[in-house]
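One structure is given here, and the rest of the page talks about it.
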Amino acid sequence: MNSQPAGDRSERLDGLNARARAMGQAWKPRLAVVADWMTTVDHKKIAILYFLSGMTFLLIAGMEGQLIRVQLAQSELRILDPNLYNQLFTMHGTTMVFFAGMPLIIAYFNFVVPLQIGARDVAFPRLNMFSWWLAVFGGLFLYASVPLGSMPDGGWFAYTPLTNREYSPGRGMDFYVLALLLAGVGTIAGGVNFVVTILNLRAPGMTFMRLPLFTWMALVVSILILLAFPPFTVGLLFLLFDRNFGTHFFDAAAGADPLLWQHLFWVFGHPEVYILVLPAFGIASEVIPTFSRKGLFGYPVVVFSGVLIAFLGFGVWAHHMFAVGMGPLANSVFAGATMLIAVPTGIKIFNWIATMWGGKLRFTTPMLWAIGLVSMFIIGGLSGVMHASPPTDLQQTDTYFIVAHFHYVLIGGLVFGLFAGLYYWFPKATGKMLSDKLGKWHFWLTLAAFNITFFPMHFSGLLGMPRRTFTYPSELGLDGFNLVSTIGAGLFTVAFVPLIVNLWKTLRNGEPAGANPWGAPTLEWSTGSPPPHYNFAVVPRVQRRDPLWHPWIRPEEEEAGDHEDAGPGGVEPRLQPEVAPEPVVMPSNSWWPMVMSIGMLIATVGGLGSLETTLVGAAITLVGLFGWAFEPAFRDGAGHL
Amino acid sequence: MSELAPVTGIRNRKLAMWTFIGSECMLFATLISTYMVYRGRNLIGPYPHELLNVPFITVTTFVLLMSSLCMVLALAAMQQGNRRQARFRLFLTAALGLVFLVGQFYEFNHFHHEGLGLSRNLFSSTFYILTGTHGAHVLGGVIWLSTLFLRLGSGPIDAERIETVEIAGLYWHFVDAVWIILFTLIYLLA
């Protein structure tokens, strides 16, 4: 068998060539799929990209949290080097806020908002993809510091002078500053995109008082992004120049105000908390009515309390700085404003409870997560009101009590909300139902693990467990609480298993979901699951807040005046037709957002100390910008969004 | 696909520019606040009153304001469909913007010569970053307006193009308005 005649060599070569050609042909369609995802402008695909990148960073940052818990399991452990510990808590916070939390909420905005307002895409589809590229490149750039062994180590809050060149001589904080500047550009672009989308692309009849709550919160959050990110951008710019070009913005020896950075950071950082949590409130306000089979109680009040939270959120930043000695007047004003925020937040909670009251409750997985959100957020909210009072805060600041508080808000609020939304909209996005049984395992395990991890931190914190310190003396007597927290954190990892199994099994052979598996009231459920590329075969006309909960309005009913706001000819399309009656032209894929983002990434890399690289990056950015500007958005014919 | 009118009555691109300008207000507000908070806190010279040349900057401010006037006239010419006038006025707008930038370059260069490097003191830090950020915005505007000028050599003057010029104008007027605030706070109050 092995002794082939030499004359067969050419045949063998032919065979190899044929196999190579076959492989090439097999790869071509796959390459086309990859190229399609790299150039897509479809908001539903971009949502999936945002979700995958956000989830990846969530898992990475979660692992960093696990390492922190391992180090703190007992007093005076030396599992992690103190420097590495500082780097890990910095990366954990920075990644969770900017590269997990933000992309995940924007994933939901992307998928849900156009569908809820009856639009076919966002206002600027290419800008949408540009924002995603920058979010990913920002995260990758931040993590490029890991193989270089110089992760940022000044905390996600990056307080000066600790982060000045003098006290942070490594490159770590430069990675932090540059990564956040890069991602920030994309975030602001996203804010512009969603404001214009929600203001301008609403279907006929979709007035503000008929807008679904999630979309309302997306609008509020987009405005928050536009107003909160610029001060942070300026702060980062100052820090960049102080560290690399010798300016003196944060140099007290040159006469600078030692608190300037803290003000600039928190005037962004506190609204950022609402940027993360208001979308979760929006998700709860969608899920709870659907599974109570009852419209949201006090809809206008819930809307206005969301707006009020956002507005007040700009006037409370200095409650992060009670301990720096601003004086009694400033402390009192910020304490009062902070306590005031409890009012609209409480209103929302009462409205969710009142929505459930007397409703036909169905305890599906999304509903459990939403109820979990309400109850866990109450705990985080209550501890928040406690340190709104400066004397109390002076006892609690820099202890694990604060760590407990903001994890109850950000996990109990944001992450529970994101999971509620995942189980709720997954059937819409994929056309398949996630297993309810596995979903409930996921929920109950997470609820238990979350509370076992973070509830003891209230006690250890009040007893003096310090934050941001790599260990603690055994005399504090905190080993017990810390060990429980660490065990809980381990369980938290286990709690992800049912989710991953569920996603895997469902994507392979899940139960098909119809257009409206939950019997939900809003427009996204009127179209197919998954929706067609153009979302809506016919542009819906909206006459009420919960359009799918009303039967077709029959002409005789309209004559009898049974429907209070049925307009002239007021027939409401309940479910979309399968096929569009007229051809729909959608915007074409584009490479330019990627080209421009790569240019900006290269320019950012140059920010580490190479002017030539920055100039090359700027040139590529400019090429991308011009290519984009001169490329028509619709290349397959005249179109309009 | 049937064309749906924008719900607000303002088309997407223009609404996006207004939204972006809102965000830019916060950017400049932060920069200006920093400058104002740090005013007079310089520990070593040179100090602002020793360097700032108010008559010279008054001239460049006038130049920038005239470029805003040209911008208005360019848009008017676009609306009348007068290609030659529109191109000339767009060119003039960009050229005046460039003159302003040359003035800024000269000013920076002169300050540097007088011993005010970027890293000299608190005044140099805040002054260069604030006016430099504004200058970068002017530079972006000059590139944009030059592109519009070059592209207007051919093709129809339709509603789309008129709107493009209008949106560039919104940006340009915003950048000018910011300069009026900077001129007042930095130069006149020094």
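The values are calculated or read from the model by the stated rules, or taken from the named source; none is laboratory data. Just so you know, these numbers come straight off a predicted model, no measurement behind them. Glycine gets a Cβ as well: all are built from the backbone with ideal geometry, and neighbour counts include every protein chain shown. Note: accessible area is taken over every heavy atom of the protein model, side chains too, but ligands, DNA and RNA are not part of it. Shrake-Rupley method; radii C 1.70, N 1.55, O 1.52, S 1.80 Å.
How many Å² of accessible area per residue for the protein assembly as shown, probe 1.4 Å? Before the final figure, lay out each step's value.
Values: 34130 Å² over 831 residues.
Counting only protein heavy atoms, the per-residue value for the protein assembly as shown is 41 Å².
Each residue of region A:256-272 in turn: what ³J(HN,Hα) in whole Hz from Karplus with 6.51, -1.76, 1.60 and θ = phi - 60°, glycine and Pro shown as x?
Once θ is set to phi - 60°, the couplings for region A:256-272 become 6, 7, x, 9, 4, 4, 4, 5, 4, 5, 7, 5, 8, x, 6, x, 4 Hz.
Normalised by the residues of chain A, what does the relative contact order come to in percent, with Cα pairs under 8 Å and at least six apart? Write out the running numbers ahead of the final one.
On the way: 1005 pairs, mean separation 102.1, N = 641.
Relative contact order of chain A: 16 percent.
Which one of B:89, B:39, B:151 has the biggest mean-square fluctuation once chain B is modelled by GNM with Cα springs under 10 Å?
Highest fluctuation among the options: B:151.
Taking the Cα centroid of region B:47-92 and of region A:334-364, what is the distance between the two, rounded to the nearest whole Å?
54 Å
If the only charges are +1 at each Lys and Arg Cβ and -1 at each Asp and Glu Cβ, what is the size of the charge dipole of the protein assembly as shown around the Cα centre, to the nearest 20 debye? Could you put the intermediate results ahead of the total?
Numbers: 48 positive and 48 negative charges, 221 e Å.
Computed charge dipole of the protein assembly as shown: roughly 1060 debye.
So how exposed is residue B:49, as accessible area in Å² (1.4 Å probe, rounded to 10)?
Estimated to the nearest 10 Å², residue B:49 gives 130 Å².
Rank A:51, A:229 by accessible area, highest first, at a 1.4 Å probe radius?
Working: A:51 40, A:229 5 Å².
Reading off the accessible areas and sorting them downward yields A:51, A:229.
Largest first, how would B:59, A:70 line up by accessible area (1.4 Å probe)?
On the way: B:59 90, A:70 65 Å².
Greatest to least solvent exposure: B:59, A:70.
Heavy-atom accessible area of residue A:408 with all protein chains present, probe 1.4 Å, nearest 10 Å²?
Accessible area, nearest 10 Å²: 0 Å².
Using a 1.4 Å probe, how large is the accessible area of residue A:400, given in Å² and rounded to the nearest 10?
About 20 Å², rounded to the nearest 10.
Using θ = phi - 60° and the Karplus curve 6.51 cos²θ - 1.76 cosθ + 1.60, what whole-Hz ³J(HN,Hα) does each residue of region A:226-239 get, with Gly and Pro shown as x?
Here the 3J(HN,Hα) series is 5, 8, 8, 5, x, x, 5, 4, 5, x, 5, 4, 4, 5 Hz.
Would you work out if region A:136-259 is rounded, prolate or oblate? Take a ≥ b ≥ c from the square roots of the eigenvalues of the alpha-carbon gyration tensor; rounded if a/c is under 1.5, else prolate when a/b is larger than b/c, oblate otherwise. Show your work: numbers first, answer last.
Numbers: a/c = 3.58, a/b = 2.17, b/c = 1.65.
Since a/c reaches 1.5 and a/b is larger than b/c, the shape of region A:136-259 is classed as prolate.
Per residue of region A:388-404, in order, report the coupling 6.51 cos²θ - 1.76 cosθ + 1.60 (Karplus, θ = phi - 60°) as ³J(HN,Hα) in whole Hz, putting x for Gly and Pro.
6, 8, x, x, 5, 4, 4, 6, 9, 4, 6, 10, 5, 4, 5, 4, 4
Report the rotationally averaged projected area of region A:161-206 based on its alpha-carbon convex hull, in square nanometres. Could you put the intermediate results ahead of the total?
On the way: hull surface 17.3 nm².
Averaged projected area of region A:161-206's Cα convex hull equals 4.3 nm².
Considering amide H positions built from the backbone, and no H for Pro or chain starts, which residues 5 or more places from residue B:41, or on another chain, come under 5 Å of its amide H?
none
Give the ranking of A:347, B:186, A:188 by solvent-accessible surface, highest area first, calculated with a 1.4 Å probe. Walk me through the intermediate numbers first.
Values: A:347 60, B:186 5, A:188 30 Å².
Heavy-atom accessible area, descending, gives A:347, A:188, B:186.
Using a probe of 1.4 angstrom, how much of the accessible area of the protein assembly as shown is carbon and sulfur, in percent? List each step's numbers first, then the result.
Working: 23490 of 34130 Å².
Whole-percent figure for carbon plus sulfur exposure: 69.
Taking R0 as 41 Å, what FRET efficiency do you get between residue A:615 and residue B:18 from their Cβ-Cβ distance, rounded to the nearest 0.05? Spell out each step's value before the answer.
On the way: r = 32 Å, r/R0 = 0.79.
FRET efficiency, residue A:615 to residue B:18: 0.80.
Could you grab the Rg to Rh ratio for region B:12-188? Cα atoms only, Kirkwood for Rh.
On the way: Rg = 17.9 Å, Rh = 17.3 Å.
That ratio equals 1.04.
Nearest 100 Å² is fine: how much accessible area is buried between A and B, summed over both sides, with a 1.4 Å probe? Working shown, then result.
Values: alone 27020 and 10540 Å², together 34130 Å².
Buried: approximately 3400 Å² between B and A.
How far is it, in nm, from the label point at residue A:385 to the one at residue A:360 when both lie 7 Å from their Cα along the line to the Cβ?
3.6 nm
Report, by chain and number, residues whose modeled amide H sits under 5 Å from the one on residue A:432, excluding near sequence neighbours (fewer than 5 apart, same chain).
A:513
Once you keep just the Cα pairs under 8 angstrom separated by 6 or more residues, what percentage relative contact order results for chain B?
Values: 155 pairs, mean separation 62.7, N = 190.
Once normalised by length, the contact order is 33 percent.
Quick one: net charge around residue B:165, please, counting Lys, Arg +1 and Asp, Glu -1 for every other residue with C-beta under 11 Å from its C-beta. The partial results should precede the final answer.
Numbers: positive: B:87, B:89, B:151, B:161; negative: B:160, B:163, B:166.
Spelling it out: positives minus negatives among the neighbours equals +1.
In degrees, nearest 10, range 0 to 90: what is the angle between the Cα axis of helix B:54-79 and the longest Cα principal axis of chain B?
For helix B:54-79, the angle is close to 10 degrees.
Helix B:159-182 versus the longest principal axis of chain B: what is the Cα-based angle in degrees, 0 to 90, to the nearest 10?
20 degrees
Given only helices, namely DSSP H runs of n ≥ 4 each adding -39500 (n - 2.57), what is the per-residue ellipticity at 222 nm of chain A, to the nearest 500 deg cm²/dmol? It would help to have the intermediate numbers written out before the result.
Working: 19 runs with 399 residues, N = 641.
After summing the helix terms and dividing by the residues of chain A, the value is -21500 deg cm²/dmol.
Would you pull out the residues with amide H under 5 Å of residue A:399's amide H, same chain only if 5 or more places away, H placed 1.01 Å from N?
When sequence neighbours closer than 5 places are left aside, the close amide H contacts are A:467.
With a/c under 1.5 counting as rounded, go ahead and sort the protein assembly as shown into rounded, prolate or oblate using the C-alpha gyration tensor (a ≥ b ≥ c being the square roots of the eigenvalues; past the cut-off, prolate if a/b is larger than b/c, else oblate).
Numbers: a/c = 1.33, a/b = 1.09, b/c = 1.22.
Judged from the Cα gyration tensor, the protein assembly as shown comes out rounded (a/c under 1.5).
Please tell me which of these pairs span more than 24 angstrom C-alpha to C-alpha: A:45/B:14; A:360/A:440; A:294/A:505; A:348/B:14?
A:45/B:14; A:294/A:505; A:348/B:14
Considering protein heavy atoms only and a 1.4 Å probe radius, which residues within region B:15-42 exhibit an accessible-area decrease of no less than 30 Å² in the full assembly relative to the chain by itself?
With the partner chains in place, region B:15-42 has these residues losing at least 30 Å²: B:15, B:16, B:19, B:23, B:26, B:27, B:30, B:31, B:34, B:38, B:41.
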